[in-house]
């Protein structure tokens, strides 16, 4: 009943707020070596726009790259030197837009916003100066120059598949034994409940590892997604995530008593938030704050971030340290709770 | 020392009392029957004794071990066959048996002697999936699985429910043979006719034992005057006897009606002639010895 | 004969090369209580499914309530009632809601349903339980109610599949008294059971062995024929000849 009436409410709210294609609070970094009237005005225009958050000033190209790599900025604007002079004398000036290409949707939106503002400014400038001028934005995509969508969905699908196989299958396979009554016999045997739990998890762990291999092979050789980072690190993080998903499945199985309930809980309660809130389809940064917090609870979000960083951006362990710690603590917490809850008696 | 000792055990689900201060003892090597209809609390009692549930009040021991505190040790020593034959439906007959052996840290070969009798008829189907077996066969396999680790106490919860009379008879013969090997067996059944096959029985109703004794004692203590009545028109006879002065109760029993008589002056021959005068033909009235079912019905009143 | 409500002629059902029901032929008359016995796996359930129009025979013919079980299965279903031990009533509905539901399924109108519900509850002495959830009734009561619901639309025949399994001795007998009443009203009762004393209550009994009907007569004649005291022994006698291990 709760599921029947609760789900539509949750979904409407999630879709309504999370599923906005608008990107907000864009973090903008600016490298402005010319620092003249034109650039100041453009920056002011950008800041006046509600989509952009406070501007961060950087002073060297290295600093700009760093801000970007450390995920402190979503977009880096680099004005060419003598921007206003060029604009006045040659009629053209160029700006470089550096954006993250792993999320093609977000990338297109960002570039669109900036270009819009530039065009507006350009028109204003032309009117006041009565000469034809042109500001040329050079867009440079990092990591995904062709804005291939595979770069975005591969990490997402990985998160989704492991959730599905591990959480759903583990919970169903345990609950099925409750339903057929074999769990009764298992419990009466001297075998430790921990072994039962373990025996249920191992096959799905192995299965998921096989799936991991297939997904990686397909992504790299068929979809052409690069394997820029350390393969070992990616595999290790994936296994950690699989463990988290298994623990969730186990937790579900201790709560529900029927296969249908297990299916509903893992399907409706787990899958949808994973799809909506993990950043797989909708950008987390543009969600309302409340949902952003909610997204922190979703293990898949952290996993997807890790995969993007390691696989596509080619970053090392230090870059994903934060995420790995979070996933690790989730795994430990979930496993402890579910093993505690796994009763060695009925009721 | 008693193999099983139960002292004032109670258990409820929400606000329904499933068991109310149940007490009984089972001696080592005894075949003890718990007889009563569905919903009388049989399964709950089994679950407490097999350590699957904790009683709210009271204590119980199996082989001298407490069902709450020493449950891990008990689990090594007992065999349990729950009501629905708990087998892995998609594993074969053979796989089921060896799975359960492994579970208890033993092998099929080690204890094969014990289950040989029961398992033999299944040998030819050993590659068949357990889900595809008939009721009687499933029952044999489930029993083999419950026995494979050589338990000293065997709990069988309604092993014969929904099984045809021939398979039921076979099953009870198997139990008698197991008993000879010294295994203590506690078995529950809703079929009253199976009660006489037990050494001692407890008649259970609505979470309470009405009587615990040997079947012979229970039958022997039946105090009512009990007759069997038969005529060519049974349903008319039933209606008539129900309203007959001096007859306390009247129930169908197979091809006769069993009546309990309160009027001690009434004689079978008298009743017979009254019925014949009322238009019944082929009338037969004769005193009979009570069955467990008669006793159960009397006690349940 | 108008009085025959079930008639089969060499009715057979094969699954692959396994013959579940092997050329059975029998007749059941109006108002008769017909006991359909057999060991587990003898083919009872398959035969019953064919008679209820749920399964199409491989060969042979059968008519139930005057309708062909192969060609007119919809009409067959409309004229029979069915109840089994496993499925009978909706546990999450109240007593009156269950009755209302079945009445509706068989196309009875509101007024008829209301009147008959009152009468039914009165006969069963269930008036106080009208608003009780079925799941909180004792098993025996459920079965009695289920039977009354199965004959609510006055079917010509009612099929009962192990209706009294696990029911306490007193309620079991009350159940059979309901069967007798139905039979007196002209409803044919086709019943399977594992209680051999219940076999004695039937007017006629058939015993299936390995998909064939090995014996069919009144309990009295069967006992005479095999020279035994009760139906239990008749059953042992026949069922032990079974070759089919499974």
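The values are calculated or read from the model by the stated rules, or taken from the named source; none is laboratory data. Please read all numbers here as calculations on a predicted model, not as lab measurements. With ideal geometry, Cβ positions are generated from the backbone for all residues, glycine too; neighbour counts draw on all protein chains shown.
Conditions tested, residue by residue: (1) more than 27 Å from the chain's Cα centre (by Cα); (2) closer than 30 Å to residue B:206 by Cα.
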| position | (1), (2) |
| --- | --- |
| B:243 | yes, yes |
| B:255 | no, yes |
| B:265 | yes, no |
| B:274 | yes, no |
| B:278 | yes, no |
| B:288 | no, yes |
| B:291 | no, yes |
| B:297 | no, yes |
| B:301 | no, yes |
Residue, surrounded by the fewest Cβ atoms within 10 Å (Cβ to Cβ), within the stretch B:159-169, restricted to residues that are within 8 Å of chain C (Cβ to nearest Cβ) and assigned to a loop (DSSP other than H, G, I, E, B):
B:162
Here are some conditions: (1) more than 8 Å from chain C (Cβ to nearest Cβ); (2) assigned to a helix (DSSP H, G or I); (3) at pLDDT below 90. Residue B:176 meets all but one. Which one does it not meet?
(3)
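Residues checked against (1) within 14 Å of chain B (Cβ to nearest Cβ); (2) more than 20 Å from residue A:331 (Cβ to Cβ):
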| position | (1), (2) |
| --- | --- |
| A:183 | yes, yes |
| A:188 | yes, yes |
| A:201 | no, no |
| A:207 | no, no |
| A:213 | no, yes |
| A:218 | no, yes |
Residue B:17 fails exactly one of (1) in a loop (DSSP other than H, G, I, E, B); (2) at pLDDT below 90; (3) within 14 Å of another protein chain (Cβ to nearest Cβ), namely (1)
Go through the stretch B:201-215 and give me each residue that's surrounded by fewer than 19 Cβ atoms within 10 Å (Cβ to Cβ) and within 20 Å of residue B:175 (Cα to Cα).
B:213, B:214
Kindly indicate the residue of the stretch A:46-60 that is in contact with a strand residue (DSSP E or B) (Cβ under 7 Å, 6 or more places away or on another chain) and in a helix (DSSP H, G or I) and also surrounded by the fewest Cβ atoms within 10 Å (Cβ to Cβ) among those meeting that condition.
A:47
Does the stretch C:181-196 hold any residues that are crowded, with 18+ Cβ neighbours inside 10 Å and either within 7 Å of another protein chain (Cβ to nearest Cβ) or more than 22 Å from residue C:44 (Cα to Cα) (or both), and which are they?
C:182, C:194, C:196
Filter the stretch C:11-66 for residues that are more than 17 Å from residue C:193 (Cβ to Cβ), part of a loop (DSSP other than H, G, I, E, B) and within 12 Å of chain B (Cβ to nearest Cβ) and give the result.
C:31
Identify, from the list B:115, B:62, the residue that is surrounded by 18 or more Cβ atoms within 10 Å (Cβ to Cβ), more than 11 Å from every other protein chain (Cβ to nearest Cβ) and closer than 30 Å to residue B:15 by Cβ.
B:62
Would you kindly identify the helices (runs of 4 or more DSSP H) lying entirely within the stretch B:198-287 that contain at least 3 residues that are within 14 Å of chain C (Cβ to nearest Cβ)?
B:234-242
The one condition in (1) in contact with a strand residue (DSSP E or B) (Cβ under 6 Å, 6 or more places away or on another chain); (2) assigned to a helix (DSSP H, G or I); (3) not assigned by TED's automatic domain parsing to the domain that holds residue C:30 that residue C:103 fails to fulfil:
(1)
Considering residues of the stretch B:42-59 that are facing chain A (nearest Cβ under 10 Å) and in contact with a helix residue (DSSP H, G or I) (Cβ under 7 Å, 6 or more places away or on another chain) only, the residue nearest to residue B:206 (Cα to Cα):
B:53
Quick check on my filter: what residues within the stretch B:116-127 are out of contact with any strand residue (DSSP E or B) (no Cβ under 6 Å at 6 or more places or on another chain) and under 12 Å from residue B:96 (Cβ atoms)?
B:119, B:122, B:125, B:126
When residues of the stretch B:5-33 are filtered for being over 14 Å from residue B:184 (Cα atoms) and touching a strand residue (DSSP E or B) at 6+ places or on another chain (Cβ under 9 Å), how many remain?
15
Does the stretch A:167-179 hold any residues that are over 12 Å from residue A:256 (Cβ atoms) and surrounded by fewer than 19 Cβ atoms within 10 Å (Cβ to Cβ), and which are they?
A:173
Residue B:195 meets each of (1) away from every other protein chain (no Cβ under 14 Å); (2) under 20 Å from residue C:193 (Cα atoms) with one exception, condition (1)
Candidate set: the stretch C:148-180, residues that are part of a loop (DSSP other than H, G, I, E, B) and within 11 Å of chain B (Cβ to nearest Cβ); chosen: the one nearest to the chain's Cα centre (by Cα)
C:162
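Please pick out the residue among A:264, A:233, A:212, A:240 that is in contact (Cβ under 8 Å) with a residue 40 or more places away in the chain, in contact with a helix residue (DSSP H, G or I) (Cβ under 6 Å, 6 or more places away or on another chain) and within 15 Å of residue A:156 (Cα to Cα). Before you say what the answer is, go through the steps one by one.
Details: A:264 fails: within 15 Å of residue A:156 (Cα to Cα); A:233 fails: within 15 Å of residue A:156 (Cα to Cα); A:240 fails: within 15 Å of residue A:156 (Cα to Cα).
Only one candidate passes the filter, namely A:212.
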Does residue B:173 fit the bill of being within 26 Å of residue C:207 (Cβ to Cβ), surrounded by 21 or more Cβ atoms within 10 Å (Cβ to Cβ) and either assigned by TED's automatic domain parsing to the domain that holds residue B:44 or out of contact with any strand residue (DSSP E or B) (no Cβ under 6 Å at 6 or more places or on another chain) (or both)?
no
Is it true that some residue in the stretch B:73-80 is without any contact (Cβ under 8 Å) to a residue 60 or more places away in the chain, within 14 Å of chain C (Cβ to nearest Cβ) and surrounded by fewer than 21 Cβ atoms within 10 Å (Cβ to Cβ)?
no
I need the full set of residues from the stretch B:84-112 which are crowded, with 20+ Cβ neighbours inside 10 Å, within 14 Å of chain C (Cβ to nearest Cβ) and modelled with pLDDT under 90, in order please.
B:85
Answer yes if at least one residue in the stretch B:57-65 is modelled with pLDDT under 90 and closer than 17 Å to residue B:156 by Cα, and no otherwise.
no
List the number of the failed condition for residue B:131; all other conditions in (1) touching a helix residue (DSSP H, G or I) at 6+ places or on another chain (Cβ under 7 Å); (2) within 14 Å of chain C (Cβ to nearest Cβ) hold.
(1)
